[in-house]
Amino acid sequence: MDDKRAAEAKKVFGYSADQYILNVVKESCQRALALPSFTGTLQTIKSHFYDRNYDAVFQNPDHLPVYTARYAPSRALCYYHMFLQHPVLLKTLEGGPSNILCIGSGAGSELVGIAAAMVHANPIPKTKKKKTTASTTDEKKKKSSKDKKSADGIEGQEEQDDKGKEVLKDGKDTTLGLENLAMSSTTSMAEAGVEGGAGAGAEVEAGEAKTPVTKKKPKSDKHQVKLVMQDYVDWTPILEPMEQIVRTRMHLGPERLQCETEVGNVLDLSDSLLDRIAAADLITFMFVLNELFQDKKRTMLLVARVVAAMPKGAHMLVVDSAGSFSNLKVGERTYMMYMLLDHLKDLEIVYQDDATWYRCPPGLTYPLKLENMRHFVRIYRKL
Ligand SMILES: C[S@@+](CC[C@H](N)C(=O)[O-])C[C@H]1O[C@@H](n2cnc3c(N)ncnc32)[C@H](O)[C@@H]1O
């Protein structure tokens, strides 16, 4: 980040960007924080989380403002720092127009975190230089010295991958294994929806997957960043006022940030969502995949179809709990969910971290306790 941008950011944020961001969340959540029922509702939410009953958490409109007030602050801070830390993410906020599609983002953490990172981004569209190198060169790829596959504890994975291809060819096997994902997602996964008995019904018929197109940016598109917040719950009562506060406090007019919402179960993968995916420069799954993986078959198919529909060169950011919440039982084995994504042939890993902490710096103030977050991070690039 150049000095000029740093100075501009300081003008907006003042002495502490983190505290400023928290204040934005607090201002957005004022009414929720003042609710006499706040503590009781939060207890109910926590007990539903404990039971992994996510529908019970999110399908009750009374829970939503409380959820945001409690969980969005540290997430927003975490995402803000994440976007600043990774040039490939920050790049999506600069030079635009670019499209960011955030799955399961109704609670507003992505809105606040990404908008805050935009404050550091250069608002002047740059002339695009033709680049031939993959984004791996931009990112310091974090790799352990051990062979990745054996480090992940998946022995004989190559053999499994090959098996996967066989399975798809004859289309008889309906088991849910890594091998079913380790394939070219552009064509074979559509077959998997049919041959593999994906269980998603009419929504997943073969041939529905759109041919990926290399993205073209319309000249008339004036916004710098379009942020699409997708969720299966209508979070408008929370997101609309939050967006206004974010715009005012972070000096982001519509020429810089355009916000849209898309409501629908992501597992249904509507045509409109597929269009959004095909136009996205970045797709995020932040703390949503492990909820989706309650339905393994549909989620594996979803991931494959998302990857198939992504334009070449687009990125996917996946962040979720680094703990057992992200465990996935496949047959007799237990994997971390990112292992399944790591084996998708059409995705290149640009950055990986299996477990990292975001720790809220001491001295920050917020009406509720701020949680430190232990999470994994993956940034993938569509090949
Ligand atoms: C744990 S919250 C994470 C929220 C946000 N991404 C964050 O990091 O703070 C999960 C979000 O995913 C949404 N969600 C859960 N299942 C979904 C589905 N099937 N389709 C779309 N959104 C879903 C919930 O409504 C909720 O907003």
>> Return the residues of the stretch 319-339 that are out of contact with any Ser or Thr (no Cβ under 7 Å at 6 or more places or on another chain) and crowded, with 24+ Cβ neighbours inside 10 Å; say none if nothing qualifies.
In response: V319, Y338
>> Among the residues of the stretch 314-324, what is the count of those that are in a strand (DSSP E or B) and out of contact with any His (no Cβ under 8 Å at 6 or more places or on another chain)?
In response: 4
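Which residue out of D346, D354 is modelled with pLDDT of 95 or more, charged (D, E, K, R), open to solvent by 10 Å² or more (accessible area, probe 1.4 Å) and under 16 Å from the mean Cα position of the chain (by Cα)?
Details: D346 fails: under 16 Å from the mean Cα position of the chain (by Cα).
Being modelled with pLDDT of 95 or more, charged (D, E, K, R), open to solvent by 10 Å² or more (accessible area, probe 1.4 Å) and under 16 Å from the mean Cα position of the chain (by Cα) holds for just one of D346, D354, which is D354.
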>> So P311 ticks every box in (1) in a loop (DSSP other than H, G, I, E, B); (2) touching a Leu at 6+ places or on another chain (Cβ under 6 Å) but one. Which box is left unticked?
In response: (2)
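Search the stretch 72-103 for residues being among the hydroxyl-bearing types (S, T, Y) and touching a helix residue (DSSP H, G or I) at 6+ places or on another chain (Cβ under 7 Å), and hand back the single one that is farthest from the ligand (Cβ to nearest atom).
Going through the stretch 72-103, the residues among the hydroxyl-bearing types (S, T, Y) turn out to be 74, 79-80, 92, 98.
Filter once more, keeping what is touching a helix residue (DSSP H, G or I) at 6+ places or on another chain (Cβ under 7 Å): 79-80.
On the way: Y79: 7, Y80: 12 Å.
Going through the qualifying residues, I end up with Y80.
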>> Taking the condition of being assigned to a helix (DSSP H, G or I) and within 15 Å of the ligand (Cβ to nearest atom), how many residues in the stretch 104-120 meet it?
In response: 9
> Residues of the stretch 357-373 being within 16 Å of the chain's Cα centre (by Cα) and charged (D, E, K, R), which ones?
Replying inline: none
> Out of the stretch 1-22, which residues are free of Cβ contacts under 8 Å to residues at least 60 places away in the same chain and part of a helix (DSSP H, G or I)?
Replying inline: D3, K4, A7, K10, K11
> Taking only pairs six or more apart or across chains, which ones have beta-carbon atoms under 6 Å, a first residue in the stretch 244-266 that is of a type in the set (V, I, T), and a second residue that is more than 16 Å from the ligand (Cβ to nearest atom)?
Replying inline: I245/E27
> For the stretch 303-323, which residues satisfy the criterion of being in contact with a strand residue (DSSP E or B) (Cβ under 9 Å, 6 or more places away or on another chain) and within 29 Å of A56 (Cβ to Cβ)?
Replying inline: V303, V306, M316, L317, V318, V319, D320, S321, A322, G323
> Restricting attention to the stretch 245-297, and to residues there that are in a loop (DSSP other than H, G, I, E, B) and near the ligand (Cβ under 8 Å from one of its atoms), which single residue is nearest to A121 (Cα to Cα)?
Replying inline: F287
> Just for the stretch 289-318: of the residues that are of a type in the set (K, R) and surrounded by fewer than 23 Cβ atoms within 10 Å (Cβ to Cβ), which one is farthest from G264 (Cα to Cα)?
Replying inline: K312
>> Need pairs with beta-carbon distance below 7 Å; first residue of a type in the set (D, E, K, R) and within the stretch 223-237, second open to solvent by 20 Å² or more (accessible area, probe 1.4 Å) and more than 9 Å from the ligand (Cβ to nearest atom); sequence gap 6+ or separate chains.
In response: K226/P97; K226/N99; K226/Q258; K226/E260
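Going through F49, F58 one at a time, which residue ends up being within 16 Å of the ligand (Cβ to nearest atom), free of Cβ contacts under 8 Å to residues at least 40 places away in the same chain and under 20 Å from the mean Cα position of the chain (by Cα)? Step through it out loud before you land on a result.
Numbers: F58 fails: free of Cβ contacts under 8 Å to residues at least 40 places away in the same chain.
Criteria check complete, one pass: F49.
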> Going through the stretch 50-89 one residue at a time, which ones are hydroxyl-bearing (S, T, Y) and within 13 Å of C29 (Cα to Cα)?
Replying inline: Y67, T68, Y71
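Here's the yes/no breakdown for (1) open to solvent by less than 40 Å² (accessible area, probe 1.4 Å); (2) within 18 Å of V246 (Cβ to Cβ); (3) of a type in the set (F, W, Y); (4) more than 19 Å from the chain's Cα centre (by Cα):
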position	(1), (2), (3), (4)
R5	yes, no, no, yes
A9	yes, yes, no, yes
F13	yes, yes, yes, yes
L33	no, yes, no, yes
G40	no, no, no, yes
Y54	yes, no, yes, no
K91	no, no, no, no
E110	yes, yes, no, no
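The values are calculated or read from the model by the stated rules, or taken from the named source; none is laboratory data. What you see is a predicted model, and the numbers here were worked out from it, not measured in a lab. Reconstructed Cβ throughout: ideal geometry from the backbone, glycine too, with neighbour counts over all protein chains shown. Quick note on the areas: whole protein, heavy atoms, side chains included, nothing else; ligands and nucleic acids left out. Shrake-Rupley method; radii C 1.70, N 1.55, O 1.52, S 1.80 Å.
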